[in-house]
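Following: one structure in structure tokens, then a few remarks.
The values are calculated or read from the model by the stated rules, or taken from the named source; none is laboratory data. This structure is a prediction, so every number in the text was calculated from the model and none was measured. Here Cβ is always computed from backbone atoms with ideal geometry, including for glycine, and neighbour counts include all displayed protein chains. Quick note on the areas: whole protein, heavy atoms, side chains included, nothing else; ligands and nucleic acids left out. Shrake-Rupley method; radii C 1.70, N 1.55, O 1.52, S 1.80 Å.
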Amino acid sequence: AQTVTQSQPEMSVQEAETVTLSCTYDTSESDYYLFWYKQPPSRQMILVIRQEAYKQQNATENRFSVNFQKAAKSFSLKISDSQLGDAAMYFCLYNNNDMRFGAGTRLTVKP
Amino acid sequence: DAGITQSPRHKVTETGTPVTLRCHQTENHRYMYWYRQDPGHGLRLIHYSYGVKDTDKGEVSDGYSVSRSKTEDFLLTLESATSSQTSVYFCAIRGTAMNTEAFFGQGTRLTVV
């Protein structure tokens, strides 16, 4: 079964600085998709960014970008110019139809 | 907002009683999922459905059953609730293509006393 590991339960970043959240996964599949979701205290799940496994190019969405290393099965999220509103739980998601989440990283942004 | 609603939003029940949570969608999406969220564990997949009457187990399916008799509804049943099933339960829906965004319900907080 596919497993997703987020090894950083908590991370902290200064406002306007850059932070990287780590995610690794284990799969024998070749075709899959990876996502990062954000969950603020409201418990709403918000899509941050997605990556297609067959694409070499790393996805970027404004201040959010990923470093996707398929051979290493690594999918990290970089948040640039961190803002107070970025504070939330961040979940890495692996999708090959059965969607599997990592345990999450709680990000704190310090003013 | 994607048309997905969970009911009830909150429930307190006694150990040993059956409980059914409902997920309803208006998007006609093929895939529906049930997760539980507990501190330190993220969202763990309980069961999911890839069509009417087509379901499969997730990573924490023991003690749970599901049914999907029509596209719009996915029911999660705890046959005999235990205190270890106290959690926040999320339903999610997704279209057929694997790269499509998943949409989540607001969650159901279930307390088993």
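Summary table below
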{"read-out": "Residues within segment B:63-74 that are surrounded by fewer than 19 Cβ atoms within 10 Å (Cβ to Cβ) and in contact (Cβ under 8 Å) with a residue 40 or more places away in the chain, tallied", "value": "3"}
{"read-out": "Subset of segment B:58-81 that is part of a strand (DSSP E or B) and in contact with a helix residue (DSSP H, G or I) (Cβ under 9 Å, 6 or more places away or on another chain) - its residue that is nearest to A:Q2 (Cα to Cα)", "value": "B:Y64"}
{"read-out": "Odd one out for A:G85 among (1) open to solvent by less than 60 Å² (accessible area, probe 1.4 Å); (2) closer than 21 Å to B:G105 by Cα; (3) not hydrophobic (A, V, I, L, M, F, W, C)", "value": "(2)"}
{"read-out": "Scan of segment B:11-50 for residues that are over 15 Å from the mean Cα position of the chain (by Cα) and part of a strand (DSSP E or B), ordered by number", "value": "B:V12, B:T13"}
{"read-out": "Test: residue in segment A:96-103 that is open to solvent by 50 Å² or more (accessible area, probe 1.4 Å), without any contact (Cβ under 8 Å) to a residue 12 or more places away in the chain and not charged (D, E, K, R)", "value": "no"}
{"read-out": "Residue match in segment B:103-112 (condition: assigned to a strand (DSSP E or B), among the aliphatic types (A, V, I, L, M) and over 23 Å from A:Q6 (Cβ atoms))", "value": "yes"}
{"read-out": "Single residue of segment B:75-113 satisfying the filter (free of Cβ contacts under 8 Å to residues at least 60 places away in the same chain and within 14 Å of chain A (Cβ to nearest Cβ)) that is nearest to the chain's Cα centre (by Cα)", "value": "B:V88"}
{"read-out": "Strands (runs of 3 or more DSSP E) lying entirely in segment A:14-111 (those with 1 or more residues that are under 26 Å from B:I46 (Cβ atoms) and within 9 Å of chain B (Cβ to nearest Cβ))", "value": "A:33-39, A:46-52, A:88-96, A:98-101"}
{"read-out": "Enumeration of residues in segment A:1-13 that are within 22 Å of A:T60 (Cβ to Cβ), within 13 Å of chain B (Cβ to nearest Cβ) and hydrophobic (A, V, I, L, M, F, W, C)", "value": "A:V4"}
